[in-house]
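The values are calculated or read from the model by the stated rules, or taken from the named source; none is laboratory data. What you are looking at is a predicted structure, and each value in this text was computed from that prediction instead of being measured. Methodologically, a virtual Cβ is constructed for each residue, glycine included, from the backbone with ideal geometry; neighbour enumeration extends over all protein chains shown. What goes into the accessible areas is simple: the full protein's heavy atoms, side chains included, and nothing from ligands, DNA or RNA. Shrake-Rupley method; radii C 1.70, N 1.55, O 1.52, S 1.80 Å.
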Amino acid sequence: MKKRWIIPFGIAIMIIFGLGVKFYMDEEKLNKEMLKVVYSDEAKQVFEKRLTNLDAKAFTKEGIIQSYKIDEGSIKSNPMGGIEVRLIINNNSELYASYTMSRNNGVLGGGGVIISKELAKQTEVKD
């Protein structure tokens, strides 16, 4: 009687393992695609345009925003579509701007933005 259940049980284990591997590989592929988009030249243009909207003199000697870097740990898929990414400003983790990147009509754009309280104070964005 026990031998009858060994084969179906083994098949079930192999199916579950196979599905787990497939989901993992799909997730890895999605992560690589998101990284590719976020680190693209097109995204760089979007980031710099958005940051210049916050600080008209950004990336100049007079500007508050001198540099930014992408917080790789913050890159994730947005459940509503697009990619969420956080930019660390001037190498200061208290100064950040988080964007929802999405592609509309073939053009990459920054959707919603969340800026830190410290960055809002420095760029004079009112709460």
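Taking the range 80-90 as the range and being at pLDDT below 85 and open to solvent by 50 Å² or more (accessible area, probe 1.4 Å) as the test, only M80 passes.
Listed here are the strands (runs of 3 or more DSSP E) enclosed by the range 52-127 that have at least 2 residues being touching a residue at least 40 places away in the same chain (Cβ under 8 Å) and among the aliphatic types (A, V, I, L, M): 83-89, 96-104, 107-115.
What is the number of the single condition among (1) within 30 Å of G106 (Cβ to Cβ); (2) at pLDDT 85 or above; (3) of a type outside the set (F, W, Y) that K29 does not meet? For K29, the exception is condition (2).
Criterion applied to S77, S93, S98, S67 was being open to solvent by 20 Å² or more (accessible area, probe 1.4 Å), over 19 Å from A120 (Cα atoms) and of a type in the set (S, T, Y), and the one residue passing it is S77.
The residue pairs whose first member lies in the range 21-33 and is under 12 Å from S77 (Cβ atoms), whose second member is of a type in the set (S, T, Y), and whose beta carbons are closer than 9 Å, counting only pairs six or more residues apart or on different chains, are L30/S77; N31/S77.
Do we find that K29 is open to solvent by 40 Å² or more (accessible area, probe 1.4 Å) and either assigned to a strand (DSSP E or B) or touching a Phe, Trp or Tyr at 6+ places or on another chain (Cβ under 8 Å) (or both) in this structure? Spelling it out, it is not the case that K29 is open to solvent by 40 Å² or more (accessible area, probe 1.4 Å) and either assigned to a strand (DSSP E or B) or touching a Phe, Trp or Tyr at 6+ places or on another chain (Cβ under 8 Å) (or both). The number of residues in the range 40-64 that are surrounded by 14 or more Cβ atoms within 10 Å (Cβ to Cβ), touching a helix residue (DSSP H, G or I) at 6+ places or on another chain (Cβ under 8 Å) and farther than 23 Å from G106 by Cα comes to 4.
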